[in-house]
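Enquirer: Can you keep this structure in mind? I'll have questions shortly.
The values are calculated or read from the model by the stated rules, or taken from the named source; none is laboratory data. As the structure is a computational prediction, the values presented were derived from the model and not from experiment. With ideal geometry, Cβ positions are generated from the backbone for all residues, glycine too; neighbour counts draw on all protein chains shown. Ligands, DNA and RNA are stripped out before the accessible areas are found, and what is left, the full protein with its side chains, is counted by its heavy atoms. Shrake-Rupley method; radii C 1.70, N 1.55, O 1.52, S 1.80 Å.
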Amino acid sequence: MQKEFTLGVEEEFQIVDPNTRDLQPHVEKMLASGDPALTENIKREMMQSMIEIVTPVCQDVEEVRRELTKLRVGVAELAEKNSLAVVAAGAHPFSLWQSQPITQDDRHKMLEEDMQDVVRSILIFGLHVHVAI
């Protein structure tokens, strides 16, 4: 019998200097220094000072919990390895959106071109829960 639903979670984290707590645009540095088995589920986001973890499609809440724990530990260790830290919070208390560089890949460039300041000013960090029914 097929499951009634599957789950997936995406979490966006701030990349910060561990001393000043200011946002740092080092997503590329972090991804380049990581194990491909881990970074397969760690992604770039709109701002270079943001990093996202993405669980695989999970069959139940217990599997989501295991995957999130593994990915959270992994992204924190990846940050520490690069003399950085990650913070889970909806918004940064003092960094200005105007000083945050956009991730330079085709998808994000297209979004910036189409939506301009709407995209440039979206300095928020989310948690997305996907439920497939």
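Enquirer: Being part of a loop (DSSP other than H, G, I, E, B), open to solvent by 50 Å² or more (accessible area, probe 1.4 Å) and not charged (D, E, K, R) is the filter here; which residues of region 26-45 pass it? Show your work before the answer.
Expert: Narrowing region 26-45 to residues part of a loop (DSSP other than H, G, I, E, B): 26, 33-35, 40-41, 45.
Of the ones still in play, those that are also open to solvent by 50 Å² or more (accessible area, probe 1.4 Å) are 26, 35, 40.
Selection gives His26 alone.
Enquirer: Does Ile15 fit the bill of being in contact (Cβ under 8 Å) with a residue 12 or more places away in the chain, in contact with a His (Cβ under 7 Å, 6 or more places away or on another chain) and hydrophobic (A, V, I, L, M, F, W, C)? Write out each step before concluding.
Expert: Numbers: in contact (Cβ under 8 Å) with a residue 12 or more places away in the chain: yes; in contact with a His (Cβ under 7 Å, 6 or more places away or on another chain): yes; hydrophobic (A, V, I, L, M, F, W, C): yes.
Yes.
Enquirer: It is to be established whether one or more residues within region 59-71 are among the aliphatic types (A, V, I, L, M) and either at positive phi or not in a helix (DSSP H, G or I) (or both).
Expert: Pass one, region 59-71, residues among the aliphatic types (A, V, I, L, M): 61, 64, 68, 71.
From what is left, the residues that are either at positive phi or not in a helix (DSSP H, G or I) (or both) are none.
No, because not a single residue in region 59-71 is among the aliphatic types (A, V, I, L, M) and either at positive phi or not in a helix (DSSP H, G or I) (or both).
Enquirer: Which of the numbered conditions does Pro56 fail, given that it passes all the others? Conditions: (1) open to solvent by 40 Å² or more (accessible area, probe 1.4 Å); (2) at pLDDT 95 or above; (3) in a strand (DSSP E or B).
Expert: It fails just one condition, (3).
Enquirer: Follow-up question, since we're still on this one. Just the residues that are open to solvent by less than 60 Å² (accessible area, probe 1.4 Å) and either over 17 Å from the mean Cα position of the chain (by Cα) or touching a residue at least 24 places away in the same chain (Cβ under 8 Å) (or both), please, taken from region 68-80. Before the answer, list the steps.
Expert: Here is the first cut: in region 68-80, the ones open to solvent by less than 60 Å² (accessible area, probe 1.4 Å) are 68, 71, 74-76, 78-79.
Result: Leu68, Leu71, Gly74, Val75, Leu78, Ala79.
Enquirer: Tell me the residue from Ser99, Ser83 that is over 15 Å from the mean Cα position of the chain (by Cα) and either exposed (fewer than 12 other Cβ atoms within 10 Å of the Cβ) or of a type in the set (A, V, I, L, M) (or both), please. Write out each step before concluding.
Expert: Details: Ser83 fails: either exposed (fewer than 12 other Cβ atoms within 10 Å of the Cβ) or of a type in the set (A, V, I, L, M) (or both).
Only one candidate qualifies: Ser99.
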